[in-house]
């Protein structure tokens, strides 16, 4: 059995928190027009200061600007410019910006080594509850993004949110949809299993997903998804060290981007890689950093991005686990 556990040394840039969705469990969003967008000069200062920190991935994480907003084009420009800036500083961008048009995805493919979007759950019943005020959470819209990523040959990360009022049968349906799209395009590199963890800003009043339910979700995902897809769990959202080890034994093999702040779950601090290593290595696991794109997808990338990967590995070959 493979005993290597990976993570991405990451930093998150948020172009804007504004979002036209209003999911009842969200602890991230700001109202449209109620947030100052991240400027390129500010981002340049941040990226300059990150150069000696061991950071590899720059996660561009967005609230969703409405497709008909007069600022939509400016928003996409800002994302693209931030990715370009990150590349110029020697980092590897990964964008999660909500649903995009095919043209927007094709444009961002040129400056991202991978992209992502959680499908969350494809059960339509959530549109009557937690997604009642979230137009882009229509299951067909989320699945369309995975299809477009496959058509464009974009290495992609997706995942499920667990504990939103769905059933285990809903988990199976969502996982089978991911598996079917990967079977068609071969582009899903990771699936995140993210347990609902209550935050201070949300209005959804359900509690923490039970530990046994997360273990069941990991086992189900490992049963349904091809072995080539890595299962990821957020280490800051598991209750304790013993349970983290139980998740690894159940089949999780990646801990995602570990950065100074979890923007989506700001009430839950990320543990440091050193802290995690002290937990898992005595149990026979090995913690290694990785890139935000897996090696089997390098040849899918535009030449500029392939060159960026080669340059990063040449600069610090011992800091890259994959």
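Each reported figure results from applying straightforward, stated rules to the coordinates on display, with no laboratory input. These figures come from a predicted structure and were not determined experimentally. With ideal geometry, Cβ positions are generated from the backbone for all residues, glycine too; neighbour counts draw on all protein chains shown.
A compact table of results
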quantity	calculated
Percentage relative contact order, the chain, counting C-alpha pairs under 8 Å, at least six apart	23 percent
Hydrodynamic radius by Kirkwood, which averages 1/r over all alpha carbon pairs of the chain, in angstrom	19.8 Å
Tensor-based shape of segment 231-291 (alpha-carbon gyration tensor, a/c under 1.5 rounded, otherwise prolate or oblate)	prolate
Efficiency of FRET from Cβ geometry, residue 51 and residue 241, R₀ 30 Å, rounded to 0.05	0.40
CD proxy at 222 nm, helix term only [per DSSP H run n ≥ 4: -39500 (n - 2.57); per residue of the chain; nearest 500]	-11000 deg cm²/dmol
Computed over segment 105-217, Kirkwood Rh from alpha-carbon pairs, angstrom	14.9 Å
FRET efficiency for residue 172 and residue 306, using Cβ-Cβ distance with R0 set to 41 Å, rounded to 0.05	0.65
Segment residue 296-residue 314, length gained on full extension (0.36 nm per residue, minus Cα span)	4.6 nm
Sorted by Cβ neighbour density within 10 Å, fewest at the top, the residues 28, 156	28, 156
For segment 107-186 and segment 10-36, distance of Cα centres in Å	19 Å
Modelled FRET efficiency - R0 25 Å, residue 69 with residue 263, Cβ distances, 0.05 increments	0.70
Longest to shortest principal axis, alpha-carbon extents of segment 51-114, angstrom	40, 19, 16
Relative contact order (%) - segment 121-240, alpha-carbon pairs under 8 angstrom, separation at least six	27 percent
Cα pair count fraction exceeding 23 Å, expressed as % - segment 196-322	44 percent
Sorted by Cβ neighbour density within 10 Å, fewest at the top, the residues 91, 20, 275	275, 20, 91
